[in-house]
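Below: the structure, in structure tokens.
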Amino acid sequence: MSEDSTEHTPIDFIREKINSDNESGKYGNRVQTRFPPEPNGYLHIGHAKSICLNFGLADDYDGVCNLRFDDTNPETEDQDFVDGIIEDVRWLGYEPNEVVYASDYFEQLYQWAESLIERGLAYVDDQDAETISEQRGGFTTPGQNSPFRDRTADENMALFRGMRAGDFADGEKVLRAKIDMNHENMQMRDPVLYRIRREHHVRTGTDWIIFPTYDWAHGQSDAIEKVTHSICTLEFDTHRALYDWCLENLELPAEKPEQTEFARLNLTHTITSKRKLKALVEDGSVDGWDDPRMPTIRGMRRRGYPAASIRAFMDHIGVSKANSTHDIELLESFIRTELNKISLRRMAVLRPLKVVITNWPEGQSDMREAINNPEDDTAGTREVPFSGELWIEQDDFALDPPPKYYRLTIGREVRLRAGYFITANDVVTDDDGNVVEVHCTYDPETAGGQAPDGRKVKATIHWVSAATAVDATVHLYDRLFTDSHPGSGDTEPLSSLNPDSRETVQAKLEPALADIEPGQVVQFERLGYFAADIDDASVFHRTVGLRDEWANIQKRKQNG
RNA sequence: UGGCCGAUAGUUCAGUUGGCAGAACGCCUGAUUUUGAUUCAGGAGGUCGCAGGUUCAAUCCCUGCUCGGCCAGCCA
């Protein structure tokens with residue numbers, strides 16, 4: 001990738017911890033991480049940060065990283081999500097050491113729960129959720145002990161086995177850790193370890209009707225897999241004490257893993273709540289989880305974001321404990337940087353305006369040679385058919401040009417990219433006075449785009465020959481949310497949903513674009529990067545536009 | 001209200017085991033350019049949240065304060 005650079009990238013607090021663990025020989029120089037999604041939705045850009053971190057750490061330290069499904073709640077989980085998540089992780093460029101499931105450990109977790117009961121560290125509670133919640137107390141008020149807290153180990157054991165065997169209804173009993181109802185950390189006030197739920201589980205089917213909670217499953221799953229560094233987001237920091245409590249009270253197969261928390265990723269104009277993304281899909285605001293406007297990994301893939309750009313972005317923003325919201329423009333700049341290097345250049349006209357070249361020899365056909373990618377000599381050239389009837393962009397002609405307008409206007413000469421110099425002489429208008437056709441003359445001496453007399457033009461515009469144009473549907477995307485921080489304050493994020501987040505146009509493409517591969521991203525010259533749809537290559541999605549100085553000039557004028 | 005975490009250019013974030021403060025994005029100049037793109041060169045832009053303390057020296061360590069985030073699911 002990058003040539004060896006002498007500048008060392010600054011080290012983050014997680015790598016610092018790993019380095020010091022390695023120095024002290026804590027895990028015998030072993031580094032093992034895991035990415036642990038719950039399969040209740042598809043992955044989004046926030047997960048991508050965690051993936052890049054966990055797999056990146058494993059790569060950097062010659063360690064391994066598992067993909068582990070945290071499938072401890074049968075209610076919301078689905079096989080489609082499992083398959084989709086595996087696919088998304090691979091697409092991002094990472095190969096899990098192993099794909100594992102918390103549900104693989106249900107029997108071990110159950111045995112460990114029995115061992116807790118034997119030692120008087122857990123009890124069965126008969127109270128309902130509401131009562132337990134009330135007894136938990138508040139931040140400044142102590143909790144109350146459950147009346148069932150002092151059952152004997154034998155009694156608890158019999159009851160817990162009964163829970164597993166199906167003697168009780170859903171919600172009738174739970175298993176709780178016996179810690180401290182006055183603990184200042186609410187997570188430590190006798191948390192629930194097991195609940196009864198007669199629900200079909202994606203992997204275990206109906207084998208189990210009791211399910212461990214996150215807190216009882218997570219640390220132990222880490223320990224079973226011999227994870228060394230268990231990295232999660234900030235909101236789990238209060239769970240760390242419980243994570244440690246569980247592991248310290250069990251016979252572990254390996255050295256105790258340690259949890260470290262980092263700040264999750266937020267982006268402007270974007271939401272990263274699985275629940276809310278699901279709502280967008282379900283109410284039809286978007287076409288699906290893979291709609292190009294979605295911040296999901298599948299959405300970004302369909303949109304044409306290269307996985308390498310996403311990785312480079314994550315590398316750049318680094319990892320810290322400061323809650324942060326990055327500008328979506330920053331991500332887009334990484335997309336442009338990558339695409340500029342690799343994408344083929346093509347010509348496409350999004351909003352066509354007819355140009356007739358009045359001095360073009362009747363019936364003459366012509367092939368122009370165009371460079372495929374000025375950033376990559378090996379990309380070669382292609383032929384583009386030229387004729388006396390062309391499509392140009394409506395924006396590239398102005399009857400009454402604003403100041404600093406370089407493009408085509410009556411009496412002005414411009415260059416057609418890879419073609420000829422043309423001068424506009426006349427227009428045809430419709431009944432409303434709109435220009436529907438521009439009549440030009442071309443200079444045959446300027447074939448290839450240079451004038452032998454050395455005269456210059458200020459603008460070069462793109463074009464497509466009308467006779468051979470390929471029709472295509474092109475989706476132009478704007479931000480999904482108009483608000484830079486959707487849902488900030490007390491606003492409902494969906495209330496700032498942008499009604500104009502997608503504009504669809506019928507475009508005219510040069511013939512080479514008929515052969516594009518599904519999913520391939522090209523640059524439409526002067527417009528931006530566009531991805532052929534994964535399922536239908538005659539449909540294009542605008543991945544991201546080019547930087548646009550002309551738009552800046554106009555904006556500045558508008559703002560005074 | 002208790003606990004934990006945070007606060008650094010216009011913006012978003014790094015960083016400093018205490019020694020002249022960094023990046024990207026954005027913005028502005030100029031050069032190159034058959035994309036108003038790219039590339040290159042340069043520029044503007046900071047009381048490092050506030051107040052004390054320790055120190056030869058504090059953005060960094062300590063104390064207090066202010067503001068923001070998270071925590072009282074049988075979700076993860």
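A few comments on the model shown:
- Accessible carbon and sulfur surface of the stretch A:94-136 relative to its total accessible area, %, 1.4 Å: 41 percent
- For A:Q259, the residues whose amide H sits under 5 Å from its own are A:S230, ignoring neighbours fewer than 5 places away on the same chain, with H placed 1.01 Å from N.
- Using a probe of 1.4 angstrom and keeping all protein chains present, the accessible surface of chain A works out to 46 square angstrom per residue.
- Span-like helix ranges in chain A, DSSP H, alpha carbon extent 27 angstrom or more, Kyte mean at least 1.0: none
- Under 5 Å, built H, 5+ apart or other chain: amide partners of A:D366: A:F386
- Karplus (6.51, -1.76, 1.60) ³J(HN,Hα), θ = phi - 60°, over the stretch A:391-408, in Hz, Gly and Pro reported as x: 9, 10, 6, 3, 5, 8, 10, 9, 5, 10, x, x, x, 6, 7, 8, 7, 5
- Electrostatic dipole magnitude of chain A [Cβ: Lys, Arg +1; Asp, Glu -1; Cα centre; debye, to 20]: 1180 debye
- On the principal axes of its alpha-carbon atoms, the stretch A:150-231 has extents of 38, 35, 21 Å, going from largest to smallest.
- The H on the amide N of A:N425, modeled in the peptide plane, is under 5 Å from the matching H of A:G411, A:H439, A:C440, A:T441, each at least 5 residues off or on a different chain.
- For the stretch A:471-558: rounded, prolate or oblate by the Cα gyration tensor [a/c cutoff 1.5]: oblate
- The lysines within cross-link reach of A:K278, meaning a Cα-to-Cα straight distance under 22 Å and a gap of 8 or more places when in the same chain, are A:K49.
- log₁₀ of I(q)/I(0) at q = 0.16 Å⁻¹ - the stretch A:348-462, Debye sum with one point per alpha carbon: -0.78
- Ordering of A:372-380, A:434-442, A:330-338 by packing [mean C-beta count within 10 Å, highest first]: A:330-338, A:434-442, A:372-380
- Estimated FRET transfer efficiency when R0 is 35 angstrom, pair A:D167-A:S495 (beta carbons, to 0.05): 0.15
- Packing rank of A:243-252, A:525-534, where each peptide gets the mean count of other beta carbons within 10 Å, highest leading: A:525-534, A:243-252
- Distance between the modelled labels on A:T482 and A:R119, one decimal in nanometres: 5.9 nm (7 Å Cα→Cβ projection).
- Helix-only CD estimate at 222 nm, as mean residue ellipticity for chain A, using -39500 (n - 2.57) per DSSP H run (n ≥ 4): -8000 deg cm²/dmol
- Computed from the Cβ-Cβ distance with R0 of 25 Å, the FRET efficiency linking A:N266 to A:D128 stands at 0.10.
- Whole-angstrom gap from the stretch A:279-319 to the stretch A:355-430, using each part's C-alpha centre: 36 Å
- Per principal axis, descending, Cα span of the stretch A:401-487 in whole Å: 61, 35, 34
- Long-range Cα-Cα pairs in chain A (distance over 44 Å), rounded percent: 35 percent
- Stokes-Einstein diffusion coefficient of the stretch A:107-212, Kirkwood radius over Cα pairs, 25 °C, 0.890 mPa s, in µm²/s: 173 µm²/s
- Computed in the context of the full set of protein chains, the accessible area of the stretch A:471-558 at 1.4 Å probe radius has 44% of its extent on carbon or sulfur.
- For the stretch A:469-477, the Karplus equation 6.51 cos²θ - 1.76 cosθ + 1.60, evaluated at θ = phi - 60°, returns couplings of 5, 9, 7, 8, 8, 10, 9, 9, 10 Hz by residue, with Gly and Pro reported as x.
- Global form of the stretch A:192-320, assessed from the alpha-carbon gyration tensor, a/c cut-off 1.5: oblate
- Förster radius 45 Å - calculated FRET efficiency between A:H439 and A:N19 (Cβ-Cβ, nearest 0.05): 0.05
- ³J(HN,Hα), Karplus 6.51/-1.76/1.60, whole Hz, each residue of the stretch A:441-455, x for Gly, Pro: 10, 10, 9, x, 6, 9, 3, x, x, 10, 8, x, 7, x, 6
- Carbon/sulfur fraction of accessible area - the stretch A:348-462, other protein chains in place, 1.4 Å, %: 44 percent
The values are calculated or read from the model by the stated rules, or taken from the named source; none is laboratory data. Computed from a predicted structure; not experimentally measured. All Cβ positions, even for glycine, are placed from backbone atoms using ideal geometry, and neighbour counts span all protein chains on display. The accessibility values were calculated without ligands, DNA or RNA, using every heavy atom of the protein model including side chains. Shrake-Rupley method; radii C 1.70, N 1.55, O 1.52, S 1.80 Å.
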